[in-house]
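Below: one structure, written as structure tokens.
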Protein chains: 2
Amino acid sequence: MDTDRAGLRERKKQETRIALSWAAIRLTVEHGFDRVRIEDIAAEAGVSTRTFSNYFGSKGEAIVARHHDRARAIAAALRERPDGEPIWAAITHAALEGFALGRPAPNGQAADQSWLEGLRLMVAEPALQGEFQKAGAAAEAEFAAAIAERTGTDVAQDVYPRLVAGVVGAALNVVTQQWLIAEPRPPLEDVLRDVFGRLAAGLPEPR
Amino acid sequence: MDTDRAGLRERKKQETRIALSWAAIRLTVEHGFDRVRIEDIAAEAGVSTRTFSNYFGSKGEAIVARHHDRARAIAAALRERPDGEPIWAAITHAALEGFALGRPAPNGQAADQSWLEGLRLMVAEPALQGEFQKAGAAAEAEFAAAIAERTGTDVAQDVYPRLVAGVVGAALNVVTQQWLIAEPRPPLEDVLRDVFGRLAAGLPEPR
DNA sequence: GAGAAAGTTTGCAGATTCGGCAAGCTTTGC
DNA sequence: GCAAAGCTTGCCGAATCTGCAAACTTTCTC
């Protein structure tokens, strides 16, 4: 969002954060979760281990940070959708935008590849699954707030916004999963429309 | 399930596991997550810290273990539902059974109260949210398998069973949440029917 | 039943992680 | 240009986690 808002200090912090996160992903993909020490990640990003701890509470948090940001981007995208748009259309567009959105990788060229491997890692490594889900849950909270706003409901009181947010979160997980494993890899958009279509139809039993 | 199947050894292990888990919940509710050491939990359950580590990989895992078992019970309950039953009816019943099911607490009388406080804790404490979600995800996997079995679909291939499992998981989270905060506390069954009804209807926007 | 086999519990030690604190730098704001 | 505010870092102690080997218990076999 605020790409270069608010000066040098803030920008540097973002850079450090992202550098740490990518370093964590790269090293873990390459060597495996428990053969990477925080010391290694910090070194790769050019900061001290103590600084690592200032940014992230654990190795897992650092690895999942990219996913976390992307998930929140979807919530942000939803807020940007035009007011009149029907809710499911808005959600679909927001999701597509969020997925397509900024996929910055350490090296420009193999960006997608790095991200793909990172995602696979987060989903496969048991030590990371909790962190991965937690990131999703955090994003869901923002998503619920955005939905409540848009539909004039109350997050604290009404079940609707939280339910939709939770369901969409679950759906996006499935979409990601399916997209990761399907071979050949289908366009994300197709998977997403299929899944959302089923939701809107009340999840009819297939045949 | 296998209450007293398979001898003394197995039973003792279950007892230790449950004792550790309840001890972890009780102490954490009373003193707060980071003012409880594994040493304390182990002492409360009458085993060594090393033994604690044989059962659980972390404090969080121990605290969430009860939730984990209950969530898996819902998947197990689904497998027990009669074959002809429509899928959503089966899921609803399984969920109700799973929720009602075995709520053993350290002290018989305040069982529900302990469980309620434990749940609140898991949902409120950031350090536990990841673990909580992870337990849910693990249960969801079993749930998906049960659904695939029942509907003759393929977990690895088809999106349907994973999607339904994910959505139901999300829905149960919302139900639990709503049930925890609503005042006066409504019957769980009512909340559950409301939420599942919305799902089956395709999540229509509330006016 | 007795004795062997298999599975558990425990203490110990080493590697890591985590977070408070205070000193040294850098960026911001006036 | 300077003071205030915010970051980074090293150091340190408290906790966690895991492999290993010894001491026990339960289960299995004859």
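Which residue out of B:Ala144, B:Ala148, B:Ala165, B:Ala156 is modelled with pLDDT under 95 and more than 7 Å from chain A (Cβ to nearest Cβ)?
Just one listed residue meets the conditions, B:Ala156.
Just to be sure, is B:Glu117 modelled with pLDDT under 95 and among the acidic types (Asp, Glu)?
So B:Glu117 passes the test.
How about region A:178-207: which of its residues are of a type outside the set (Lys, Arg) and not in a helix (DSSP H, G or I)?
Across region A:178-207, the qualifying residues are A:Ala182, A:Glu183, A:Pro184, A:Pro186, A:Pro187, A:Ala201, A:Gly202, A:Leu203, A:Pro204, A:Glu205, A:Pro206.
Just name the residue that is nearest to B:Ala145 (Cα to Cα) out of those in region B:72-89 that are among the charged types (D, E, K, R) and more than 13 Å from chain A (Cβ to nearest Cβ).
B:Arg79
Give the residues of region A:176-206 that are under 22 Å from B:Ala201 (Cβ atoms), of a type in the set (A, V, I, L, M, F, W, C) and either surrounded by fewer than 19 Cβ atoms within 10 Å (Cβ to Cβ) or facing chain B (nearest Cβ under 9 Å) (or both), sorted by residue number.
Selection gives A:Val195, A:Leu199, A:Ala200, A:Ala201, A:Leu203.
Evaluate region B:131-141: report whether one residue or more is at the interface with chain A (Cβ under 10 Å from one of its Cβ atoms) and in contact with an Asp or Glu (Cβ under 8 Å, 6 or more places away or on another chain).
yes
Yes or no: B:Arg9 in contact (Cβ under 8 Å) with a residue 60 or more places away in the chain, more than 13 Å from B:Gly118 (Cα to Cα) and not polar (S, T, N, Q)?
no
Suppose we keep only residues that are touching a Phe, Trp or Tyr at 6+ places or on another chain (Cβ under 9 Å) and not β-branched (Val, Ile, Thr) within region A:53-67. Which one would you say is farthest from DNA strand D (Cβ to nearest atom)?
Top of the filtered list is A:His67.
When you go through (1) within 13 Å of DNA strand C (Cβ to nearest atom); (2) away from chain B (no Cβ under 14 Å); (3) charged (D, E, K, R) one by one for A:Glu61, which number turns out not to apply?
Only one criterion in (1) within 13 Å of DNA strand C (Cβ to nearest atom); (2) away from chain B (no Cβ under 14 Å); (3) charged (D, E, K, R) is unmet by A:Glu61, namely (2).
Conditions: (1) more than 9 Å from DNA strand C (Cβ to nearest atom); (2) basic (Lys, Arg); (3) surrounded by fewer than 20 Cβ atoms within 10 Å (Cβ to Cβ). A:Arg66 meets all but one. Number of the miss?
Looking at each condition in turn, A:Arg66 falls short on (3).
Scan region A:17-36 and report the pairs whose first residue is within 14 Å of chain B (Cβ to nearest Cβ) and touching a residue at least 60 places away in the same chain (Cβ under 8 Å) and whose second residue is of a type in the set (A, V, I, L, M, F, W, C) and within 13 Å of DNA strand D (Cβ to nearest atom), with Cβ atoms within less than 9 Å and a gap of 6+ or a chain change.
Here the result reads A:Phe33/A:Ala127; A:Asp34/A:Ala127, each pair linking region A:17-36 to a residue that is of a type in the set (A, V, I, L, M, F, W, C) and within 13 Å of DNA strand D (Cβ to nearest atom).
Starting from region A:42-57, keep only residues that are closer than 11 Å to A:Arg17 by Cβ, then list their pairs with residues that are in a helix (DSSP H, G or I) and among the aliphatic types (A, V, I, L, M) whose Cβ atoms are within a distance under 6 Å, requiring at least 6 positions of separation or different chains.
A:Ala45/A:Ala19; A:Ala45/A:Leu20; A:Ala45/A:Ala23; A:Phe52/A:Ile38; A:Phe52/A:Ala42; A:Tyr55/A:Leu20; A:Phe56/A:Ala62
Taking region B:149-167 on its own, how many of its residues are surrounded by fewer than 24 Cβ atoms within 10 Å (Cβ to Cβ) and of a type outside the set (Asp, Glu)?
9
Given B:Arg50, B:Arg79, which one is within 13 Å of DNA strand D (Cβ to nearest atom) and more than 24 Å from B:Val123 (Cα to Cα)?
Being within 13 Å of DNA strand D (Cβ to nearest atom) and more than 24 Å from B:Val123 (Cα to Cα) holds for just one of B:Arg50, B:Arg79, which is B:Arg50.
A:Ala138 is checked against (1) in a helix (DSSP H, G or I); (2) over 22 Å from B:Ala139 (Cβ atoms) and fails just one. What number does that condition carry?
(2)
Test of understanding: among B:Ala146, B:Ala124, B:Ala170, which residue is surrounded by 21 or more Cβ atoms within 10 Å (Cβ to Cβ), among the small types (Gly, Ala, Ser) and within 23 Å of A:Ala138 (Cα to Cα)?
B:Ala170
The values are calculated or read from the model by the stated rules, or taken from the named source; none is laboratory data. As the structure is a computational prediction, the values presented were derived from the model and not from experiment. Ideal geometry is used to build each Cβ from the backbone, glycine not excepted, and the neighbour counts take in all protein chains shown.
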